[in-house]
Every structure is written in C-alpha cells, then in structure tokens.
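Where a number appears in this text, it was derived from the coordinates with a stated rule and is not lab data. Predicted, not measured: the structure shown is a model, and the values here were computed from it. Neighbour counts are summed over all protein chains in view; Cβ atoms, including those assigned to glycine, are modelled from backbone coordinates with ideal geometry.
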C-alpha cells in the first residue's frame, strides 16, 4: 500500500471511476444499476459529490500526480430524504477487481468514515448485496455490524437478490 494515496476525487478522475464502476455494472451484483454509465453521467455524479457528501479515490501514486490511476473510489450519500434522517449517510465503496484484497477498500472505507465523523454525521449505513462476502467482511473489519437482511428486493442477471444492511455508529 506504499504507492497508494487516498484523496478527494477530482473531475479528471471521472474516466477512472467510470471504468471501475461500469465493470461492476456489467459483471457483478455489487451495484443494482443495470445500464453502464456514460462519461457525462459520471462527471455529473462526481460534480454532485462535494462537502459532506464527498467522493474519494485511491490512486496509484508511484507515477506521480500526473500519472494517477484510479484503483478504487468511495462516496457518501444522503440515506433518506426525510429530515429526521439527516444525521445518517450511506456509503459506497468500489475497488478495481485487480486490486481486491490488497487493502485498497479498507483504506477507502476508513477515510470515508473519518470524513463522515468530521462532517457531524451520527451513523453510516451500507447496503450490500447479501452474497457479497468481501464487501461484508470489509465493512465488519471497519466496525460495521449487520442489522438486517432485505429479502429479494433487487433483480439482476435473472435472479432475485437480497441486501445485507450494515451500520456503524460514529
């Protein structure tokens, strides 16, 4: 992990984020999106992630800043629209499959939790496709607890999917 840096995402990271995300859209159930994003959509998504609802990236720092390669990204989003939920956020963490198991996800999620705490949030929620053992293990490692399973709430690749709901109080 010596050559990995975690930093706030920048507009120039959109293509790298897009590549990581669209791989998950087309090959996995880690996201319930069914249609790959276009670059303009990813740029708009990134532009909306500022302040307390930050997006961060893990980049390969070995080539220097000009050569940043996105290894993974993470973000915070509002949990629910109603006012009483304003102190709760939902996290998202995606890591390039070639970098899985190397600590990139842990570094991203630990930094994201720090950002959530510094922004005054009380709880961070994770909604993970229930068979996603790596993501569930990552969240457990970072202090999240399983608080429930939503049964057959999604459908992708012609199968019903359950969602594990995990929570960390800050």
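A few notes on this one:
- Compactness of segment 6-102, expressed as Rg and Dmax over alpha-carbon positions, Å: 13.9, 45
- Ranking of 104, 163 by count of other Cβ atoms within 10 Å, fewest first: 163, 104
- Correct choice for Cα extents along the principal axes in Å that was computed from the model, options (i) 44, 39, 30; (ii) 50, 39, 30; (iii) 81, 35, 26: (i)
- With a Förster radius of 41 Å applied to the beta-carbon distance between residue 3 and residue 86, the computed FRET efficiency rounds to 0.60.
- When 151, 168 are arranged by Cβ crowding within 10 Å, least crowded first, meaning fewest neighbours, the order is 151, 168.
- Structural descriptor for the chain: relative contact order 19 percent, calculated from alpha carbon pairs under 8 angstrom and at least 6 residues apart.
- Residue exposure proxy: 108, 8, 46, ordered by other Cβ atoms within 10 angstrom of their Cβ from fewest to most, comes out as 8, 46, 108.
- Using the rule -39500 (n - 2.57) for each DSSP H run of four or more residues, divided by the residues of the chain, the 222 nm mean residue ellipticity is -8500 deg cm²/dmol.
- Ordering of 20-28, 125-133, 36-44 by packing [mean C-beta count within 10 Å, highest first]: 125-133, 20-28, 36-44
- Tensor-based shape of segment 69-165 (alpha-carbon gyration tensor, a/c under 1.5 rounded, otherwise prolate or oblate): oblate
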